[in-house]
Amino acid sequence: VLDLVVGDGDGRVTLWTRVGGIDALPVRRDVDPFLGVNVRYQAVPQAVDWDSDGDLDLLVGSGGACVAYWERLQDGSLKAQTGSSNPFAAINVSCALSCGTLGAANVHAADWDGDGDLDLLIGVENGEVWYWERLASGSLRQLQGRSNPFHGIRMPGFRSV
């Protein structure tokens, strides 16, 4: 049975668990591993094994137009990665938007280029999809213009990837 990770407009992330079978409603867990995770505005979370260590980490896009990263440690706890420890620290969607709206970041990690590692896709407020390729070194390189596999795709008002 799958659990549900939900972000809210206030920037919080909460875990909901289905208890009692397929027809049961999800309930909030008494012990929420995401307690304290807050990006202040419009949290858009994705649980994914970003560091390839076999457990789920947490990526959270925000209405602040940044991507926050919490690494799952061996003891199961989450540790916020900030500054140079955050592989997404240099990504700020709002600094490049010219659409005149707040640049929220809807993040998704997927192996888009099929090379065995996770790349980063971000749906932004003006409807564009931005793409960062993960290089063999582990660093991210944004592909822009015609190099971006999503070049020309635009759905204004819809930032979901």
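Each reported figure results from applying straightforward, stated rules to the coordinates on display, with no laboratory input. Please read these numbers as outputs of a predicted model, since none were measured by experiment. In this analysis, Cβ positions are derived from the backbone assuming ideal geometry, glycine residues included, and neighbour counts consider all displayed protein chains.
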Practice item. Determine the shape class of segment 33-91: with a ≥ b ≥ c the square roots of the Cα gyration tensor eigenvalues, call it rounded for a/c under 1.5, and otherwise prolate if a/b is greater than b/c, oblate otherwise. Key: prolate
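Just how large is the dipole of segment 41-147 about the Cα centre, in debye to the nearest 20, putting +1 at every Lys and Arg Cβ and -1 at every Asp and Glu Cβ?
On the way: 5 positive and 15 negative charges, 96 e Å.
That gives a dipole near 460 debye.
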**Study point:** Spherically averaged projected area of segment 41-147 from its Cα convex hull (nm²)
**Key:** 7.0
